[in-house]
Amino acid sequence: MTTQQLITQIHKKKSFLCIGLDVDLNKIPHHLLELEDPIFEFNKAIIDATHHLCVAYKPNTAFYEAYGIKGWQSLEKTIHYLNQNHPEIFTIADAKRGDIGNTSTMYAKAFFEDLAFDSVTVAPYMGKDSVEPFLAFKEKHTILLALTSNAGAFDFQTKALDGKELYKLVLETSKNYKNSENLMYVVGATKAEYFADIRKIVPNSFLLVPGVGAQGGNLQEVCKYGMSDHVGLLINSSRGIIYASNETNFADAAAHKAKELQHQMEVILKR
Ligand SMILES: O=C(O)c1cc(=O)[nH]c(=O)n1[C@@H]1O[C@H](COP(=O)(O)O)[C@@H](O)[C@H]1O
C-alpha cells in the first residue's frame, strides 16, 4: 500500500486508529477456547466488528510466536483474512526486527513476501545496513523505533551523543538512508511533550503511536503536537480495545471502545 492510499483511507473513514491484535489466550473469552483456532476466531470477530472504524491492524508477533507453530499459523490466517477481505487496511507486523544485511533481507521477505504485510517494525540499533534491506521493498514500509512508550526509553533513547539525543540521531540519520521515503517511526503516546521536536526533524513522516489506552497516553496531546499536514499519525490501542469484555459480547464491546476513539479522531480531523 502507498502512503497516499493510507491518507485517502484516513479521510474516508475519518479515523487514524490502529487496533493492536495482541492475543493472549488467558484473556480471551472462555467459549472460544473450545474452537480449533481460538486466536484466529478471536481476531476474525474483532476485525468483523471494527474494520470500519480503523485504518490499520497491528498484530504483535510475540503473541503468536509464544504459541509455537499453531500461533504462527493463526498469524498467517489473520493476515490472509485481512488481505482478502479488507485490502484497503494497512497492516503492521510488529516484530521489532533488524540484523546484519543478509539476515534483515530474510526478515523482510518473511513479513513482506511470505505473509504480505504492508509494514514491519524495526529496531535501528544496528544501523544503516540493517535497515536498508527492509527499505528496498517497493510499496512496503519500515517503521523504525525512535522514542518508545516504555520507561526504559530513558535508558538510552533520550541520552545525548555528541550533544544530540539518540532518538533525534535516529530520525536525522535514517532520513539519509536509501529509499527513506519508505520509513515511518514509532513514537510512544506517553511521550507527548517530545512530538513538537520530532516534527521539526520529520515534518511529513507517518508516526506509529502506541501507548493510548492501557499505557495512559493522551490522544489530544499527541495530536496537538504530532499531527502533520497529511495527518501523519497512526494511533494504536491494543488491550484497551480488544479486551473491553471477555464475555460473549467481546466483539461488540471492542467496537464500542474503537468507536469512542474514532469519534475523537473525527472531531480532531474537522478542526
Ligand atoms: O512498536 C510498537 O508497536 C510499540 C512500541 C512502543 O514504544 N510501545 C509499545 O507499546 N509498542 C507496542 O504497542 C502495543 C501496545 O499495546 P497496549 O498497551 O495494549 O495498547 C504492544 O504491542 C507493544 O508491543
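Taking residues in region 190-211 that are modelled with pLDDT under 95 and of a type in the set (Asp, Glu), and partners anywhere that are within 16 Å of the ligand (Cβ to nearest atom) and part of a loop (DSSP other than H, G, I, E, B), not one pair has Cβ atoms closer than 6 Å while being at least 6 places apart or on different chains. Pairing each residue of region 9-22 that is surrounded by fewer than 23 Cβ atoms within 10 Å (Cβ to Cβ) with any residue that is among the small types (Gly, Ala, Ser), provided the two are 6+ apart or on different chains, yields C-beta distances under 7 Å for ASP22/SER238.
Mind counting the residues in region 86-124 that are out of contact with any strand residue (DSSP E or B) (no Cβ under 8 Å at 6 or more places or on another chain) and within 16 Å of the ligand (Cβ to nearest atom)? Count: 0. Please name all residue pairs, on different chains or six or more residues apart, with Cβ atoms under 7 Å, provided the first residue is in region 142-171 and is closer than 29 Å to PHE90 by Cβ and of a type in the set (Gly, Ala, Ser) and the second residue is within 10 Å of the ligand (Cβ to nearest atom) and part of a loop (DSSP other than H, G, I, E, B). Qualifying pairs under 7 Å: SER149/GLY188; SER149/GLY211; SER149/GLN215; ALA153/GLY188.
Go through region 135-165 and give me each residue that's over 20 Å from LEU234 (Cα atoms), away from the ligand (no atom under 14 Å from the Cβ) and touching a helix residue (DSSP H, G or I) at 6+ places or on another chain (Cβ under 9 Å). If the condition is that a residue be over 20 Å from LEU234 (Cα atoms), away from the ligand (no atom under 14 Å from the Cβ) and touching a helix residue (DSSP H, G or I) at 6+ places or on another chain (Cβ under 9 Å), then ALA136, PHE137, LYS138, LYS159, ALA160, LEU161, ASP162, LYS164, GLU165 are the ones that fit. Looking at SER174, SER238, just one residue is crowded, with 22+ Cβ neighbours inside 10 Å, within 18 Å of the chain's Cα centre (by Cα) and either under 20 Å from LYS96 (Cβ atoms) or within 11 Å of the ligand (Cβ to nearest atom) (or both), and that residue is SER238. A single member of THR91, THR103, THR78 is among the β-branched types (Val, Ile, Thr) and under 15 Å from ILE143 (Cβ atoms), and it is THR91. Assess whether ASN179 counts as being surrounded by 24 or more Cβ atoms within 10 Å (Cβ to Cβ) and not aliphatic (A, V, I, L, M). So ASN179 fails the test. State whether one or more residues within region 57-64 are in contact with a Cys (Cβ under 8 Å, 6 or more places away or on another chain), closer than 25 Å to THR148 by Cβ, within 16 Å of the ligand (Cβ to nearest atom) and part of a strand (DSSP E or B). Yes, there is a match, as at least one residue in region 57-64 is in contact with a Cys (Cβ under 8 Å, 6 or more places away or on another chain), closer than 25 Å to THR148 by Cβ, within 16 Å of the ligand (Cβ to nearest atom) and part of a strand (DSSP E or B). Considering GLU132, GLU76, which residue is assigned to a helix (DSSP H, G or I), of a type in the set (Asp, Glu) and within 18 Å of the chain's Cα centre (by Cα)? Going through GLU132, GLU76 in turn, the sole match is GLU76.
So which of ASP94, ASP118 is more than 22 Å from GLU41 (Cβ to Cβ), touching a residue at least 60 places away in the same chain (Cβ under 8 Å) and within 14 Å of the chain's Cα centre (by Cα)? Break it down stepwise before answering.
Numbers: ASP94 fails: more than 22 Å from GLU41 (Cβ to Cβ).
Only one candidate qualifies: ASP118.
Of a type outside the set (A, V, I, L, M, F, W, C) and modelled with pLDDT under 95: does that describe ARG239? It is false that ARG239 is of a type outside the set (A, V, I, L, M, F, W, C) and modelled with pLDDT under 95.
Hey, among the residues in region 183-197 that are among the hydrophobic types (A, V, I, L, M, F, W, C) and within 11 Å of the ligand (Cβ to nearest atom), which one's farthest from PHE137 (Cα to Cα)? Show your work before the answer.
Keep residues of region 183-197 that are among the hydrophobic types (A, V, I, L, M, F, W, C), which gives 183-184, 186-187, 189, 192, 195-196.
Keeping just the survivors that are within 11 Å of the ligand (Cβ to nearest atom) gives 184, 186-187, 189.
Numbers: MET184: 14, VAL186: 19, VAL187: 23, ALA189: 28 Å.
Among them, the one singled out is ALA189.
The values are calculated or read from the model by the stated rules, or taken from the named source; none is laboratory data. All values reported here derive from a predicted model rather than from experimental measurement. Quick reminder, even Gly has a Cβ in these numbers, built from the backbone with ideal geometry, and neighbours come from all protein chains shown.
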